[in-house]
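Read the structure below first, then the notes.
The values are calculated or read from the model by the stated rules, or taken from the named source; none is laboratory data. Quick caveat: nothing in here was measured; it's all calculated off a predicted structure. Please note: Cβ atoms are built from the backbone with ideal geometry, for glycine as well, and neighbour counts cover all protein chains shown.
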Amino acid sequence: MDPLRPAVSILLALWAPLPSSHGPAVVQGSDAVHEVLDDADGPGRLSLEAWLSTTRPLARCAAVLPGPELALPAAAGVREAGEGVLVECGAASAMAGRRLLLSPEPAGAGVRWRVEGLAAMPAPFDPVQARRDVHVATERAIEALTELDLARERPELAEALTDLVVAGLDPRLVPPSLPPRRRDLLERSLRLGAICELALADDGAAVTAGQAVRRRRALEPLAGAARRGVCAAMQTWARPEPGSARPHPESASPPQGRRGPDSGSRPIPAGSAPGRAHEIVG
């Protein structure tokens, strides 16, 4: 299994803004079928590709990986799944103005996405700060693993960690339009998360309960930085055409009004609604 293969919600957040049939195919992968259950104010039950076509162009899209460090809507589906996707439909969309949270659940050999409406979107993720946090957290993870001497307790861990260090993100899973710095942040964040998950996987390997507690205290905050990094790497924004209604403040521009070296933009491929410039910002 690919140690850096993104969760299904991450794949959906990467591809949902792009008007292409290739994206849903990447998200579906080897699953039998993906369908969306949108009964509240939506079209009901549709295939993932059909549902996405009714939501575009998107004003905002981002994956969410719940954790203590992320303030997210109290959505039961996302809590149970441990992942989800934020979607805000653009003004030119057939579902204009809807703010939604999708959560995946197994449905036989496929996946069913449940849709919950949101009164307001959560605050945007900051890719500049996330990049700093992931860099620092990765260094601390290496220090923690050395200090805890997990390789001595679990000899197989050293080899697995070595594999993670050199593992890369499969380019077939990532849209070509994703800016290189965002792709780098995504890959580094996934790697950090995988390292923490591997080191935390078996507290029974610790000699004492105290060692297990030390391990979790050292690594869980670093896993949180990895989750923030993944979320920040994928969020997309759409700029409105001149004279159109202003977007919601949290989706109009990157957080804190900053446009540093991580900013810049990359056009989304052709197929967007005429007159709107869709960008992946960051």
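Return yes when S177 is under 26 Å from P66 (Cβ atoms) and of a type in the set (S, T, Y) and no when it is not. Taking the combined requirement at face value, the residue does not satisfy it. With assigned by TED's automatic domain parsing to the domain that holds E88 and farther than 18 Å from V78 by Cα as the only criterion, which of A32, A13 stands out? Going through A32, A13 in turn, the sole match is A32.
Mind listing whichever residues of the range 75-106 are among the small types (G, A, S) and within 18 Å of A7 (Cα to Cα)? Spell out the reasoning first.
Within the range 75-106, the first condition is being among the small types (G, A, S), and the residues that meet it are 75-77, 81-82, 84, 90-94, 96-97, 103.
If the condition is that a residue be among the small types (G, A, S) and within 18 Å of A7 (Cα to Cα), then G77, A81, G82, G84, S103 are the ones that fit.
Restricted to the range 105-119, and to residues there that are without any contact (Cβ under 8 Å) to a residue 40 or more places away in the chain and over 17 Å from the mean Cα position of the chain (by Cα), the residue that is nearest to S189 (Cα to Cα) is P106.
Hey, does the range 172-179 have a residue that's free of Cβ contacts under 8 Å to residues at least 40 places away in the same chain, among the β-branched types (V, I, T) and outside the structural domain of W51 (by TED's automatic domain parsing)? The answer is no, given that none of the residues of the range 172-179 is free of Cβ contacts under 8 Å to residues at least 40 places away in the same chain, among the β-branched types (V, I, T) and outside the structural domain of W51 (by TED's automatic domain parsing). Of the candidates L178, L150, L102, the single residue that is surrounded by 14 or more Cβ atoms within 10 Å (Cβ to Cβ) and at pLDDT below 90 is L150. Of all residue pairs spaced 6 or more apart or on separate chains, those with beta-carbon atoms under 6 Å, a first member in the range 52-64 that is assigned to a strand (DSSP E or B) and a second member that is among the acidic types (D, E) are A59/E88; R60/E88.
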